[in-house]
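Worksheet for the structure shown next.
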Amino acid sequence: MLSERLQAIADLIEYGETMADIGTDHGFLPVFLIKTGKCPYAIATDISSNSLKKTENLIDAEDVLNDCSARVGDGLDPIEEGEVDDIVIAGMGGILMTEIISADISKSRSFKKFILQPRSKIHYLRKWIRDNGFTIKQESIVKEGDRFCEILLVEVSENYSSSDGDELLLSDYFPETLVSNPNDLTLEYLKYNLLKNETILTNLTENMSKTEGNDSNAMKMKEFKKIVNHLKFLIEKYEERYI
């Protein structure tokens, strides 16, 4: 039995596809996919040999040694080019994910799709994806305890043109696809982030009044005002469409 987060990731893998779980920790996902017959073969990797022992013990206990390979290594290093269909990277920071995928971009583009569940800096990850020849095909939101988890289904873009602009778009923070393809958590997720960003904006405003001429704070305030207004727009759009 998987957690809701891991089940949502498993649901994005099609029957008959092979997969690799990068930073697998306990190895629950790859072993589940093999035991349920969804994947004929899976690879579980971790940078820590001690962490991977938990996966090796699970592979042995579930008798899937012939179908699940446990490999020590950093990022995509243990995986051969095109060796599997799907790459799962879950529970890491968004910046680290971009570093893993960009370490060997040719190898990364040899896989059918990536399923990414970042713990932080998702706006940075979305920007990197659109700047580096990949595209987000689907986004979903799940909850793990009190924490919202965003899951991105990413594929190689057909028309690859690398870009490295500095500008973050509002859609990098909160894309309109969240409203056009919602689930039961969408409105709660948007309202949670609105409150969070309004609180940050209030704190910045208070600090600004205490420290005159702080250009850094002024720029941050401008950015967070845009994000707050964008979230209000998305919430209004959601309520008009679905409530």
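The values are calculated or read from the model by the stated rules, or taken from the named source; none is laboratory data. Please read these numbers as outputs of a predicted model, since none were measured by experiment. Glycine gets a Cβ as well: all are built from the backbone with ideal geometry, and neighbour counts include every protein chain shown. Accessible surface areas use protein heavy atoms only, side chains included; no ligands, DNA or RNA. Shrake-Rupley method; radii C 1.70, N 1.55, O 1.52, S 1.80 Å.
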**Prompt:** Taking θ as phi - 60°, what are the ³J(HN,Hα) couplings along the range 224-236 by the Karplus curve (6.51, -1.76, 1.60), each to the nearest whole Hz, with x for Gly and Pro?
**Reply:** 6, 4, 4, 5, 4, 5, 5, 5, 4, 4, 5, 5, 4
**Prompt:** Can you tell me the accessible area per residue over the chain, all protein chains present, probe 1.4 angstrom, in square angstrom?
**Reply:** 52 Å²
**Request:** Note down, for the chain, the three equivalent ellipsoid semi-axes (square root of 5 times each alpha carbon gyration tensor eigenvalue), biggest first, whole angstrom.
**Result:** 36, 20, 18
**Message:** How large is log10 of I(q)/I(0) for the range 66-176 at q = 0.11, 0.19, 0.22, 0.23 Å⁻¹ when the intensity is taken from the Debye formula with one equal scatterer per alpha-carbon?
**Reply:** -0.35, -1.03, -1.34, -1.44
**Complete:** the chain: relative contact order from alpha carbon pairs under 8 Å, six or more residues apart, as a whole percent, is 14 percent
**Item:** Where labels lie 7 Å past Cα in the beta-carbon direction, separation of residue 61 and residue 169 in nm
**Value:** 4.6 nm
**Complete:** If one builds a Gaussian network model of the chain from Cα atoms under 10 Å apart, the most fluctuating residue listed among 226, 121, 107 is 226
**Asked** Percent antiparallel among DSSP beta bridges with both residues in the chain, to the nearest 5?
**Response** 40 percent
**Asked** Under a point spin-label approximation (7 Å from Cα along Cα-to-Cβ), what is the residue 120-residue 198 distance to one decimal in nm?
**Response** 2.6 nm
**Complete:** Rounded to the nearest 5, the percent of DSSP beta bridges in the range 66-185 running antiparallel is 65 percent
**Item:** Sequence of 194, 116, 65 from largest to smallest accessible area, 1.4 Å probe
**Value:** 65, 194, 116
**Prompt:** Longest segment of the chain with no chymotrypsin sites (Phe, Trp or Tyr not before Pro) in a DSSP loop having at most 16 other Cβ atoms within 10 Å?
**Reply:** 16-159
**Request:** Leaving ligands, DNA and RNA out of it, report the carbon-plus-sulfur percent of the accessible area of the chain at a 1.4 Å probe.
**Result:** 47 percent
**Asked** Which FRET efficiency value, to the nearest 0.05, do you get for residue 220 and residue 51 by plugging their Cβ-Cβ distance into 1/(1 + (r/R0)^6) with R0 = 41 Å?
**Response** 0.65
**Asked** Once Rh for the range 92-236 is found with the Kirkwood sum over Cα pairs, what is the Stokes-Einstein diffusion coefficient at 10 °C and 1.306 mPa s, in µm²/s?
**Response** 95 µm²/s
